[in-house]
Number of protein chains: 2
Amino acid sequence: MMGLPRPKPGQPISELSTPLPMIDERKLVTNIERVQAYMDSHGLAFRPHIKTHKIPAIASQQAKAGAKGINCQKITEAEIFADAGFEDLLITFNILGSEKLERLAALNARISGLKVVADSEMTVRGLSSAFSEIRPLSVLVECDTGGGRCGVQSPESAVALAEAIVAVPGLIFAGILTYPKADTEEAVEAFFAATLAGLAARGIPCPIVSNGGTPSLFSAHKVTSATEHRAGTYVYNDRAMARSGHCSLDDCAMHILATVVSRPTEDRAILDAGSKALTSDLLGFSDYGLIFEYPDAVITGLSEEHGTVDLSKVTGRRPEIGEKVRIIPNHTCVVSNLFDVMTFHRDGIVTRVEDIAARGLVW
Amino acid sequence: MMGLPRPKPGQPISELSTPLPMIDERKLVTNIERVQAYMDSHGLAFRPHIKTHKIPAIASQQAKAGAKGINCQKITEAEIFADAGFEDLLITFNILGSEKLERLAALNARISGLKVVADSEMTVRGLSSAFSEIRPLSVLVECDTGGGRCGVQSPESAVALAEAIVAVPGLIFAGILTYPKADTEEAVEAFFAATLAGLAARGIPCPIVSNGGTPSLFSAHKVTSATEHRAGTYVYNDRAMARSGHCSLDDCAMHILATVVSRPTEDRAILDAGSKALTSDLLGFSDYGLIFEYPDAVITGLSEEHGTVDLSKVTGRRPEIGEKVRIIPNHTCVVSNLFDVMTFHRDGIVTRVEDIAARGLVW
């Protein structure tokens with residue numbers, strides 16, 4: 001039961017066995033500082049979403065840079081970060097079912113700043129059954145401002161659900177929240193403004209107004225009613241973020257190191273990175289990642305352990321069997337969920353190896 | 001650091017927290033027995049691929065039914081199964097690099113039936129550097145009979161590579177192998193026949209002729225030169241296998257139990273199963289799995305923790321918040337790689353919970 005070897009600080013990344021995801025320390029710091037500076041300059045509190053890294057040490061870097069609290073998606077993730085000393089934890093998920101509600105109550109009893117969301121009376125009823133005035137739970141109303149996932153559909157429904165939360169002794173209404181479609185700041189602002197007006201008319205204070213997302217992050221200041229912004233992907237960045245204009249390809253801190261294991265034909269290379277290393281997330285691309293050293297090569301298909309690469313458009317030198325390449329993934333967050341450890345490097349030398357402590361925690 | 005709770009034998013699956021993959025014991029046994037009976041009736045040795053389950057206890061069920069040896073994709077997977085007592089292990093991957101070759105030599109030293117593949121002189125040279133006559137390694141030549149992944153491109157190249165293997169003291173030529181495109185038995189047979197003739201002409205014995213794949217598994221007998229067949233997915237089956245005609249939807253032993261966590265609109269439901277539970281593998285489908293209880297519902301999109309469901313074509317009753325549903329995944333093998341444990345049940349009662357011991361082992 002030896003598993004995968006753990007790289008050691010001081011090792012050159014060129015010596016590491018593949019496939020292996022790795023993070024450039026310098027780009028990581030640049031990404032963290034750039035976004036925090038933007039938020040600071042606009043007086044917006046910034047709440048990083050830990051889904052991208054799932055590593056407490058990275059969340060600590062984000063907090064040290066000025067982030068206020070963190071965003072988790074699941075209770076079991078929040079437990080990991082509470083264990084690491086974080087107190088201001090927002091779980092952006094409708095939590096249902098007695099087993100999960102018990103775990104949530106236990107978590108709420110040991111940290112001071114736990115918050116969750118709700119978008120239905122059913123969810124509020126469930127939460128109210130598990131919490132009391134002795135140790136109440138803070139709840140935000142999730143609003144669908146056009147993202148098309150969870151959330152109440154109108155400002156009127158948001159106000160009504162806030163009233164339902166206020167009416168329950170075990171719950172505290174803590175604010176409103178959205179995970180918007182990219183580049184829809186006007187729609188978000190209009191939804192928030194109408195909701196805030198309705199809450200004010202009923203004398204219901206709304207301490208938190210939470211907006212989110214990485215793709216249009218640098219337009220976050222246009223939502224003037226927001227008190228905070230949440231984002232995850234910015235910390236590593238990826239090919240999809242570069243396409244959206246959020247960053248350049250050079251800002252992508254995560255590369256997946258892979259080896260060419262076969263060259264069956266002149267135009268075909270096979271990598272040892274398949275869907276178990278890259279996932280099959282396309283995010284609108286028609287191929288499965290960008291090979292840094294061979295940008296004209298196309299990863300046309302993945303099976304679990306193999307990536308099939310079309311080299312027909314590669315002019316000049318083509319990769320040889322045994323050669324290592326670096327892949328910029330389409331979607332960085334999902335890669336973190338596939339591996340148990342993340343390797344960090346500076347100038348190609350391993351600096352540290354962190355457990356991806358919240359990997360696989362789906363509830 | 002509590003992580004996800006482990007279901008207990010005797011629990012009704014309806015009580016389990018979601019998302020959760022689970023296996024129907026009865027369907028598992030039926031799938032194992034049906035394929036083994038087919039192979040037995042055609043005198044083909046059967047070598048299950050462990051990638052689908054990654055669990056030694058399931059490989060033991062396959063062996064008990066009559067399977068001869070197992071197929072792994074990676075060294076670290078093979079180590080797990082060697083620890084569990086398996087000796088006849090075939091690793092169908094080009095193994096390159098000193099760190100991996102050392103691990104491979106250590107594994108070869110402790111089990112009697114280790115075999116790997118090669119499809120290039122470069123791979124053969126690497127293998128030969130790590131093995132000697134004292135404890136030689138068995139190597140099969142991988143042939144690309146139309147699958148378009150790894151493999152030598154012609155029978156002539158296959159024979160030439162076999163000669164290169166024979167010429168090295170530390171390696172034993174053990175046979176030829178292909179991972180074919182589905183429904184191309186004639187092409188496989190022609191490639192194998194020409195290769196076997198070339199080997200015979202040079203006096204090179206070819207003990208193993210290994211064909212593979214689940215989709216056209218029940219046509220395996222048409223490749224009369226094959227001595228064995230390899231397949232993985234058949235053990236659980238999935239939506240893609242049902243589409244191919246290999247099985248019916250009722251033969252799919254894996255369901256992912258999920259909960260409706262939001263009903264934002266009349267036509268939209270949100271499940272707590274996203275790409276971290278189902279993966280984004282489409283395998284030619286345009287949606288992300290089939291909801292057993294609501295076959296007219298369409299899982300139109302996945303984010304990491306949410307599945308978005310279009311209910312517009314569901315006539316009659318629609319799912320409510322808190323309701324649990326079962327999803328037949330597009331691709332079962334990739335689901336096994338996302339979770340640390342697999343839950344088994346019979347008639348809806350948990351029978352056992354197995355560690356997915358070879359999860360995440362990418363090299």
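Annotations for the structure displayed:
- Cα centroid separation - the range A:53-75 against the range A:188-205, whole Å: 29 Å
- Mean projection area, nm², convex hull over Cα of the protein assembly as shown: 30.6 nm²
- FRET efficiency estimate (nearest 0.05) - Cβ-Cβ, residue B:351 to residue A:110, R0 30 angstrom: 0.30
- Residue list for the range B:336-360, given a label point 7 angstrom along the Cα-to-Cβ vector of residue B:26 and an amide N cut-off under 15 Å: B:345-351
- DSSP assigns beta bridges within chain A; of those with both partners inside it, close to 45 percent run antiparallel.
- Label geometry 7 Å along the beta-carbon vector: residue A:133 inter-copy distances in nm: 8.9
- Between the range B:259-291 and the range A:255-316, the Cα center-to-center distance that results, in Å: 27 Å
- Residue-level accessible surface for residue B:150, protein heavy atoms, 1.4 Å, Å²: 10 Å²
- Taking B:183, B:251, B:144 as the candidate residues, the one with maximal mean-square fluctuation in a Gaussian network model of chain B, Cα springs under 10 Å, is B:183.
- Sequence-distant lysines (8 or more away, or on other chains) whose Cα lies within less than 20 Å of residue A:74: A:51, A:54, A:100, A:115, B:276, B:324
- Considering only A:169, A:136, A:19, the mean-square fluctuation computed in a Gaussian network model of chain A, springs between alpha carbons under 10 angstrom, is largest for A:169.
- Considering only B:152, B:191, B:106, the residue lying farthest towards the positive end of the dipole of the protein assembly as shown is B:106, judged by Cα position with unit charges set on Cβ.
- Across the identical copies, how the residue A:87 labels are spaced - nm, sorted shortest first, 7 Å along Cα→Cβ: 6.2
- Distance to the B-onto-A rotation axis is smallest for one chain B Cβ; residue and value in angstrom are B:280, 2.
- For chain A, diffusion coefficient by Stokes-Einstein and Kirkwood Rh (Cα), 20 °C, 1.002 mPa s, µm²/s: 99 µm²/s
- Comparing A:48, A:180, A:205 in a Gaussian network model of chain A, where Cα atoms under 10 Å apart are tied by springs, the biggest mean-square fluctuation is seen for A:205.
- Centroid-to-centroid separation of the range A:150-181 and the range B:94-113 [C-alpha atoms, Å]: 58 Å
- Computed log10 I(q)/I(0) for the range B:103-158 at 0.14, 0.17, 0.25 Å⁻¹: -0.43, -0.60, -0.98, from the Debye equation with unit scatterers placed on every C-alpha and solvent omitted.
- For chain B, the membrane-span-like helix rule (DSSP H, alpha carbon extent of at least 20 Å along the helix axis, mean Kyte-Doolittle at least 0.5) picks out B:185-201; this says nothing about an actual membrane.
- Plainly put, the tip 7 Å out from Cα toward Cβ on residue A:106 is 3.7 nm from that tip on each other copy, the closest given first.
- A straight Cα-to-Cα reach below 15 Å connects residue A:68 with the aspartates and glutamates A:33, A:40, A:87, A:88, A:228, residues fewer than 8 places away in its own chain not being considered.
- Of B:112, A:262, the order by accessible heavy-atom surface (1.4 Å probe, DNA, RNA and ligands excluded), from most exposed downward, is B:112, A:262.
- Per the accessible-area calculation with a 1.4 Å probe, the total area buried between chain B and chain A rounds to 5600 Å².
The values are calculated or read from the model by the stated rules, or taken from the named source; none is laboratory data. Treat the numbers as computed from the prediction; the structure is a model and nothing was measured. Note: ideal-geometry Cβ built from the backbone for every residue, glycine included; neighbour counts use all protein chains shown. Surface areas here come from the heavy atoms of the whole protein model, side chains and all, with no ligands, DNA or RNA. Shrake-Rupley method; radii C 1.70, N 1.55, O 1.52, S 1.80 Å.
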